[in-house]
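Below: the structure, in structure tokens.
The values are calculated or read from the model by the stated rules, or taken from the named source; none is laboratory data. All figures in this text were calculated on a predicted structure; none of them were measured in a lab. Please note: Cβ atoms are built from the backbone with ideal geometry, for glycine as well, and neighbour counts cover all protein chains shown. Note: accessible area is taken over every heavy atom of the protein model, side chains too, but ligands, DNA and RNA are not part of it. Shrake-Rupley method; radii C 1.70, N 1.55, O 1.52, S 1.80 Å.
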Amino acid sequence: MKKAGGKTLLKLFVSMLYISAFTFGGGFVIVTLMKRKFVDELHWLEEQEMLDLTALAQSSPGAIAVNAAILVGWRVAGFAGMLVAVLGTILPPLLILSVISAFYAAFASNRYVALVLKGMQAGVAAVVLDVVFSLGSKVARERSPLQILVMIAAFLATFFFKTNVVLIILAAALIGVARALWLRRREGGAK
């Protein structure tokens, strides 16, 4: 955790507000944009850190976008950063949903709104694919057969067998713990 000044907090708030305001498609889309902003552009986080924070955000209860904002905000600027990041993340959807709910009848029956939403689905699919390739390529570059096997098995379990994500996360966690214990035991026996 870094000590943050007012400029850092303001930049964090504005970044999260911007990302949240122009993100459609759910938490994984926002995580990709957060990676681009905080890892690639601002260099506040390392890629592995963002990958770890994404895993934590996904496995925690609640919305992944808010969970990721909590973790990134905390990592960048401590408690104040966490508050600022969450506020920046929840304000746009709160305002948008307030406007939509006030004019729900007009939006629900408007053909043009329906067409815009259909078009946004294609954009969301592209961004989700970007997430898969960007985070998946990190695992593939490490060339760990176990990690690649777990990644493929998780995809197959989700896509073809419609396995609950919680079960997949628990299975991956058990495999990770078993691997860590095995490595620790192997290192202990080699000494």
Condition broken by MET16, with the remaining ones in (1) outside any helix (DSSP H, G or I); (2) touching a residue at least 60 places away in the same chain (Cβ under 8 Å); (3) open to solvent by less than 60 Å² (accessible area, probe 1.4 Å); (4) under 30 Å from ILE168 (Cβ atoms) satisfied
(1)
Among all residue pairs at least 6 apart or on different chains, which show Cβ distances below 8 Å where the first residue, located in the range 102-129, is closer than 24 Å to VAL29 by Cα and the second is of a type in the set (S, T, N, Q)?
VAL127/THR32
Output the residues belonging to the range 47-66 that are closer than 12 Å to VAL86 by Cα and either surrounded by fewer than 21 Cβ atoms within 10 Å (Cβ to Cβ) or in contact (Cβ under 8 Å) with a residue 60 or more places away in the chain (or both).
ALA63, ILE64, VAL66
Could you check, for the range 81-93, whether at least one of its residues is loosely packed, with under 14 Cβ neighbours inside 10 Å and either modelled with pLDDT of 85 or more or among the aromatic types (Phe, Trp, Tyr) (or both)?
no
Taking the range 28-46 and keeping only residues that are open to solvent by 60 Å² or more (accessible area, probe 1.4 Å) and in a helix (DSSP H, G or I), one is left with PHE28, ARG36, ASP40, GLU41
When only residues in the range 67-78 that are of a type in the set (A, V, I, L, M, F, W, C) and open to solvent by 40 Å² or more (accessible area, probe 1.4 Å) count, which is farthest from ILE90 (Cα to Cα)?
TRP74
Can you find a residue in the range 130-150 that is of a type in the set (Val, Ile, Thr), closer than 27 Å to LEU97 by Cα, in contact (Cβ under 8 Å) with a residue 12 or more places away in the chain and in a helix (DSSP H, G or I)?
yes
